[in-house]
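Participant: This structure is in structure tokens; I'll ask about it shortly.
The values are calculated or read from the model by the stated rules, or taken from the named source; none is laboratory data. All values derive from a computational prediction rather than experimental measurement. Cβ placement follows ideal geometry from the backbone for every residue including glycine, while neighbour counts extend to all protein chains displayed.
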Amino acid sequence: MQSNQYSKLQLYSLFTLRVLIGWYFLYEGLAKVFTPNWSAYGYLIDSKGVFAPLFVALAENPELLSIVNFINIWGLTLIGLLLILGLFTNIGYVGAICFLLMYYLSHPPLLFAEYILPAEGSYLWVDKNLILLVTMAVLMLFPTSRIIGFDSLIFRKGLVRNK
């Protein structure tokens with residue numbers, strides 16, 4: 001991939017978007033790391049929609065809940081670091097999409113769905129999780145980390161074969 005395929009404005013805009021979303025994930029993870037006894041229990045038990053029984057079952061099983069907590073905390077942190085650094089960004093994008101899909105399915109923006117935690121706005125079908133999910137998919141189509149990011153060093157130096 002050559003940087004001349006993008007204008008400088010396009011390149012830096014996509015880079016900025018990747019870093020800002022990376023910061024969002026990193027901060028969400030670190031906020032949980034530094035919150036004593038943080039747990040996804042309340043979020044999972046408050047689940048609505050078709051997949052609510054699955055999320056409630058995860059919350060009610062202490063062993064599974066501890067796994068969910070660990071994956072949530074460290075997954076968010078790792079995804080944020082990967083996106084900010086531009087390191088193995090496709091792994092970061094796929095991880096982000098998986099997390100966002102789970103968040104969306106756990107708390108779908110449905111009519112008459114009332115959640116314990118107040119919503120940030122009034123939504124119907126489309127919320128920030130869905131928007132971020134689609135944004136991650138779009139960013140995957142524009143591999144700017146191979147121009148600005150550690151991926152550029154890895155792929156340019158031939159450490160990993162570029163397909």
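Participant: Return the only residue of Leu44, Leu11 being aliphatic (A, V, I, L, M), at pLDDT below 95, farther than 19 Å from Ile148 by Cα and part of a helix (DSSP H, G or I).
Facilitator: Only one candidate qualifies: Leu44.
Participant: Identify all residues within region 31-53 that are surrounded by fewer than 15 Cβ atoms within 10 Å (Cβ to Cβ) and touching a Ser or Thr at 6+ places or on another chain (Cβ under 9 Å); write none if there are none.
Facilitator: Val33, Phe51, Pro53
Participant: Picking from Leu65, Leu82, Leu117, which residue would you name as being of a type outside the set (Lys, Arg), at pLDDT below 90 and on the phi < 0 side of the Ramachandran plot? Give the derivation first.
Facilitator: Numbers: Leu65 fails: at pLDDT below 90; Leu82 fails: at pLDDT below 90.
None of the others qualify; the one that does is Leu117.
Participant: Checking Ser39 against (1) without any contact (Cβ under 8 Å) to a residue 60 or more places away in the chain; (2) part of a helix (DSSP H, G or I), only one condition comes out false. Which one?
Facilitator: All conditions pass for Ser39, except number (2).
Participant: Shifting gears a bit: Take Asn37 and tell me if it is at pLDDT 95 or above and either touching a Phe, Trp or Tyr at 6+ places or on another chain (Cβ under 9 Å) or more than 24 Å from Ile84 (Cβ to Cβ) (or both).
Facilitator: Spelling it out, it is not the case that Asn37 is at pLDDT 95 or above and either touching a Phe, Trp or Tyr at 6+ places or on another chain (Cβ under 9 Å) or more than 24 Å from Ile84 (Cβ to Cβ) (or both).
Participant: Still on this structure, please answer the following. Do we have Leu87 as in contact (Cβ under 8 Å) with a residue 40 or more places away in the chain, surrounded by 14 or more Cβ atoms within 10 Å (Cβ to Cβ) and in contact with a Phe, Trp or Tyr (Cβ under 7 Å, 6 or more places away or on another chain) here?
Facilitator: For Leu87, the condition - in contact (Cβ under 8 Å) with a residue 40 or more places away in the chain, surrounded by 14 or more Cβ atoms within 10 Å (Cβ to Cβ) and in contact with a Phe, Trp or Tyr (Cβ under 7 Å, 6 or more places away or on another chain) - is met.
Participant: Leu105: surrounded by 13 or more Cβ atoms within 10 Å (Cβ to Cβ) and at pLDDT 85 or above, yes or no?
Facilitator: In short, yes.
Participant: Which of the numbered conditions does Cys98 fail, given that it passes all the others? Conditions: (1) buried (at least 19 other Cβ atoms within 10 Å of the Cβ); (2) modelled with pLDDT of 95 or more.
Facilitator: With respect to (1) buried (at least 19 other Cβ atoms within 10 Å of the Cβ); (2) modelled with pLDDT of 95 or more, Cys98 is out only on (1).
Participant: Against the definition (assigned to a helix (DSSP H, G or I) and among the polar types (S, T, N, Q)), how does Thr16 come out, yes or no? Let's see the steps before the verdict.
Facilitator: On the way: assigned to a helix (DSSP H, G or I): yes; among the polar types (S, T, N, Q): yes.
For Thr16, the condition - assigned to a helix (DSSP H, G or I) and among the polar types (S, T, N, Q) - is met.
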